[in-house]
Ligand code: ADP
């Protein structure tokens, strides 16, 4: 039998019921003098209530049965007999048992309901606490996030500022260096004119070295200036640009640099995009020139195409020449980085792809390359598709 959530072990609960009934019996015996046979049950009702409240359903019913037996045996005529003399007493005993059962069941129900309520209150209290603590945690996390966002915004602003400063510095240095380089060149010419035939062989050789150094410095400063200028690609000046037209112009200019008339440069139909046409032609020019320049024994073959993908155009410039090791692919877009540099037969300063990357990024695109040594390279760059 289930006793709700009565406290204590069964021994204590049933023991308490027996003691309660015994006490009721004792007190009723004492009250026999003034009361006689009247109200034989009322103290036992209290014992049943106590047993049900303290011990639960089992002890309540046990107290009811025990009380009925004791009252019948001791306090109802004839004494010390279980068979009542009057039928009215039999009815009272039955009523008492019924009342005891009802009291026990009601108390048990109340106890269960109470226990349920207590558990509910406890659970909702805990849930409330958890809610409060998670609210607190989320407020803290939010504050932390806000702080990190602020720090990041500040760091980005600082980075942008120092980047801008660096750009301006590179631009003004490369711009200002042109004048002294021109002056050195002019003095070098003056020197030659004035001392022609009067210098020995060694001095002539030194002058040739000066010429070489001067030429290289000039080229570097020129490239650096070009690279710095790309910062000024301004989206406000983008126009609807027909890439087929841009490419036609580039190929016309490229004509002089194509090493053999039989070099093949083919292009699929290209799209019209929002771009700065002059800058875009630099991108095509550099990619195509590289495809023709970094060649092996076979005739250069450059293929230009474009395909739409996720709201952008992916352009590709593919050649069939020397290629490069993909392990170094990340380096080729860095200014002045060359994979085929000093000592190789390929001329260049390593600034071309850095400029191309910058132009593509200023147009909201990205650039990357795929290559295999000896099997050719493909350079990809994206330009956002025009919104129609
Ligand atoms: P440059 O051609 O003046 O060296 P770039 O920035 O255009 O400068 O190219 C950087 C480097 O990338 C080149 O030095 C070369 O090693 C490599 N590279 C570029 N294009 C190709 C290509 N089509 N095939 C093989 N290597 C290439």
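The values are calculated or read from the model by the stated rules, or taken from the named source; none is laboratory data. The structure presented is a predicted model; accordingly, all values stated were derived computationally and were not measured. Heads up, the Cβs are rebuilt from the backbone with ideal geometry, glycines too, and the neighbour counts pull from every protein chain shown.
Spot the failing condition for residue 355; the list is (1) in a helix (DSSP H, G or I); (2) closer than 20 Å to residue 305 by Cβ; (3) near the ligand (Cβ under 8 Å from one of its atoms), and only one is missed.
Failing condition for residue 355: (2).
Residues that are crowded, with 20+ Cβ neighbours inside 10 Å: which helices (runs of 4 or more DSSP H) entirely in region 8-65 hold 3 or more of them? Step through it out loud before you land on a result.
Details: elements: 10-30, 32-35, 42-55.
Fully inside region 8-65 and qualifying: 10-30, 42-55.
State whether the residues of region 255-264 include one that is free of Cβ contacts under 8 Å to residues at least 40 places away in the same chain and in a helix (DSSP H, G or I).
The answer is no, given that none of the residues of region 255-264 is free of Cβ contacts under 8 Å to residues at least 40 places away in the same chain and in a helix (DSSP H, G or I).
Can we say residue 360 is in contact (Cβ under 8 Å) with a residue 60 or more places away in the chain, buried (at least 21 other Cβ atoms within 10 Å of the Cβ) and more than 29 Å from the chain's Cα centre (by Cα)?
Details: in contact (Cβ under 8 Å) with a residue 60 or more places away in the chain: yes; buried (at least 21 other Cβ atoms within 10 Å of the Cβ): yes; more than 29 Å from the chain's Cα centre (by Cα): no.
Answer is no for this residue.
Quick check: anything in region 321-330 more than 8 Å from the ligand (Cβ to nearest atom), more than 19 Å from residue 228 (Cα to Cα) and in a strand (DSSP E or B)?
Within region 321-330, not a single residue is more than 8 Å from the ligand (Cβ to nearest atom), more than 19 Å from residue 228 (Cα to Cα) and in a strand (DSSP E or B).
Given the residues 97, 71, 107, 101, which is the only one that is surrounded by 14 or more Cβ atoms within 10 Å (Cβ to Cβ) and under 59 Å from the mean Cα position of the chain (by Cα)?
Numbers: 97 fails: under 59 Å from the mean Cα position of the chain (by Cα); 71 fails: under 59 Å from the mean Cα position of the chain (by Cα); 101 fails: under 59 Å from the mean Cα position of the chain (by Cα).
After ruling out the rest, the residue left standing is 107.
Quick check: anything in region 304-320 in a helix (DSSP H, G or I), closer than 21 Å to residue 266 by Cβ and either more than 31 Å from the chain's Cα centre (by Cα) or within 11 Å of the ligand (Cβ to nearest atom) (or both)?
Within region 304-320 (the criterion being in a helix (DSSP H, G or I), closer than 21 Å to residue 266 by Cβ and either more than 31 Å from the chain's Cα centre (by Cα) or within 11 Å of the ligand (Cβ to nearest atom) (or both)), the answer is no, since none of the residues qualifies.
For the condition buried (at least 17 other Cβ atoms within 10 Å of the Cβ) and in contact with a strand residue (DSSP E or B) (Cβ under 9 Å, 6 or more places away or on another chain), what is the one hit in 367, 355?
Numbers: 355 fails: in contact with a strand residue (DSSP E or B) (Cβ under 9 Å, 6 or more places away or on another chain).
Answer to the check: 367.
Identify, by number, the condition in (1) over 17 Å from residue 382 (Cβ atoms); (2) touching a residue at least 24 places away in the same chain (Cβ under 8 Å) that residue 297 doesn't meet.
Evaluating residue 297 over (1) over 17 Å from residue 382 (Cβ atoms); (2) touching a residue at least 24 places away in the same chain (Cβ under 8 Å) leaves (2) as the failure.
Might you check whether a residue that is touching a residue at least 12 places away in the same chain (Cβ under 8 Å), within 18 Å of residue 281 (Cα to Cα) and surrounded by 13 or more Cβ atoms within 10 Å (Cβ to Cβ) occurs anywhere in region 345-352? If you could, list the steps in order and put the result at the bottom.
Within region 345-352, the subset touching a residue at least 12 places away in the same chain (Cβ under 8 Å) is 346-352.
Retained after the next criterion (residues that are within 18 Å of residue 281 (Cα to Cα)): 351-352.
Cutting the leftovers down to surrounded by 13 or more Cβ atoms within 10 Å (Cβ to Cβ) gives us 351-352.
The answer is yes; a qualifying residue exists.
Kindly list the number of the only condition in (1) surrounded by fewer than 14 Cβ atoms within 10 Å (Cβ to Cβ); (2) under 29 Å from the mean Cα position of the chain (by Cα) that fails for residue 329.
(1)
Could you grab me the full set of residues in region 370-388 that are within 16 Å of the ligand (Cβ to nearest atom) and touching a helix residue (DSSP H, G or I) at 6+ places or on another chain (Cβ under 8 Å)?
Here is the first cut: in region 370-388, the ones within 16 Å of the ligand (Cβ to nearest atom) are 370-381.
370, 371, 372, 377, 379, 381, listed by residue number.
Here are the criteria: (1) within 9 Å of the ligand (Cβ to nearest atom); (2) modelled with pLDDT under 90. Tell me which single one residue 342 does not satisfy.
(1)
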